[in-house]
Amino acid sequence: MKYARWILFGVSFVYNLILGIYLRDFLVFSLMLQVFYLLSFLPTFFLLVEIKSKAMRTVIFVLLALIFCINFIYAVYCRRVFPFFTIISLTIVIIYFSAFVNDARKDALLTKIYVLILSALIIALLFSAYIFVYKQDDVSLTNGQATLWDTQTVELADEICDDCDTDEEKVKAIYSWIIHNFEYDYECEPIVQYFNVRKTLSTHKGICYDFAHLFAAFCRSQDIPCYVVDGTKYDNANYHHTWNRIYFDGAWWNTDVTFDTIQTRKRGQLYGLRSLGNNAFVEDAEYIITRIY
């Protein structure tokens, strides 16, 4: 097809543009998500030039494979749905170079320079994505990984903490607001767990994963260090749970907003906030910790 390259470029470009508009609130707050969005967008620009040599196509296919892998790993490791959307854009590029580029002549010099620059940008983004997912030094204050929020979340957190002067007061205000305004969703049985702040806030329902990440989102938006902790019961490996560890008043504290949300409804005894001293990574009495992030 004579115009296949331009048709596929137009489809991919518009798709990524719409995706960016839809995710604009998140993109503003998450540098990591910006990186993964660019990894979806940049390969589209390979369609602007005629790649004629086998070597150049090989380079592009290797880069596309690396992008696919890092997106898949990010989706599984950080439990984000967004990277799966990028597969559509990558697929369009792969289809073009697989089905429509067969000429084995040499590429022009400008084409080689263009592909080299674009490839260098993609490699830099791939390295950045690796740093964000695996090598981040301080995830406690990061709007990223599995916890992601938008401007409305920050505004709500500001409102909840409006009369608070200290981090301790803010933490207790956030904790109290969640346990009194939400209920556990006993009908929720997700195949893939991921945190959707808009859905959680609009329904006022969720499971432990949702409540722990909402608590972390509120605290981190107030510049209060907060970790999300995943674990399984010592006596039941099939029982998975998620809770938080929060820093204020010179110490780390354990809190389980899910348990206390349920107990509030039952008028039972609350878990509250329990001191861990100056170590956020101590073992838990009830759960085998599988991940702290």
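The values are calculated or read from the model by the stated rules, or taken from the named source; none is laboratory data. These figures come from a predicted structure and were not determined experimentally. We place every Cβ from the backbone using ideal geometry, glycine too, and count neighbours over all the protein chains shown. Side chains included, ligands, DNA and RNA excluded: accessible areas come from the protein's heavy atoms. Shrake-Rupley method; radii C 1.70, N 1.55, O 1.52, S 1.80 Å.
Tabulated results
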{"read-out": "Filter result for residue 86 (surrounded by 17 or more Cβ atoms within 10 Å (Cβ to Cβ), polar (S, T, N, Q) and either within 21 Å of the chain's Cα centre (by Cα) or under 30 Å from residue 213 (Cα atoms) (or both))", "value": "yes"}
{"read-out": "Residue list for the stretch 236-266, filter: touching a residue at least 60 places away in the same chain (Cβ under 8 Å) and in contact with a Phe, Trp or Tyr (Cβ under 6 Å, 6 or more places away or on another chain)", "value": "246, 257, 258, 260, 261, 262"}
{"read-out": "Residues satisfying the stated conditions in the stretch 51-67, i.e. assigned to a helix (DSSP H, G or I) and surrounded by 18 or more Cβ atoms within 10 Å (Cβ to Cβ)", "value": "56, 57, 60, 63, 64, 67"}
{"read-out": "Subset of the stretch 220-253 (residues that are closer than 16 Å to residue 210 by Cβ and aliphatic (A, V, I, L, M))", "value": "228, 229"}
{"read-out": "Flag for residue 239 being open to solvent by 70 Å² or more (accessible area, probe 1.4 Å) and in contact with a Pro (Cβ under 9 Å, 6 or more places away or on another chain)", "value": "no"}
{"read-out": "Residue in the stretch 40-47 that is open to solvent by 10 Å² or more (accessible area, probe 1.4 Å), assigned to a helix (DSSP H, G or I), at pLDDT 90 or above and in contact with a Ser or Thr (Cβ under 8 Å, 6 or more places away or on another chain) present", "value": "yes"}
{"read-out": "Residue within the stretch 5-22 that is of a type in the set (D, E, K, R) and open to solvent by 60 Å² or more (accessible area, probe 1.4 Å) present", "value": "no"}
{"read-out": "Boolean, residue 287 is buried (at least 17 other Cβ atoms within 10 Å of the Cβ) and within 17 Å of residue 145 (Cβ to Cβ)", "value": "no"}
{"read-out": "Selected residue (only one of 246, 224 is of a type in the set (A, V, I, L, M), assigned to a strand (DSSP E or B) and closer than 16 Å to residue 168 by Cα)", "value": "246"}
{"read-out": "Qualifying position, being touching a strand residue (DSSP E or B) at 6+ places or on another chain (Cβ under 8 Å) and on the phi < 0 side of the Ramachandran plot, among 146, 99", "value": "146"}
{"read-out": "Complete set of residues in the stretch 8-39 that are among the small types (Gly, Ala, Ser) and part of a helix (DSSP H, G or I)", "value": "10, 12, 20"}
{"read-out": "Cβ pairs under 6 Å, 6+ apart, first in the stretch 104-128 and assigned to a helix (DSSP H, G or I), second surrounded by fewer than 17 Cβ atoms within 10 Å (Cβ to Cβ)", "value": "126/66"}
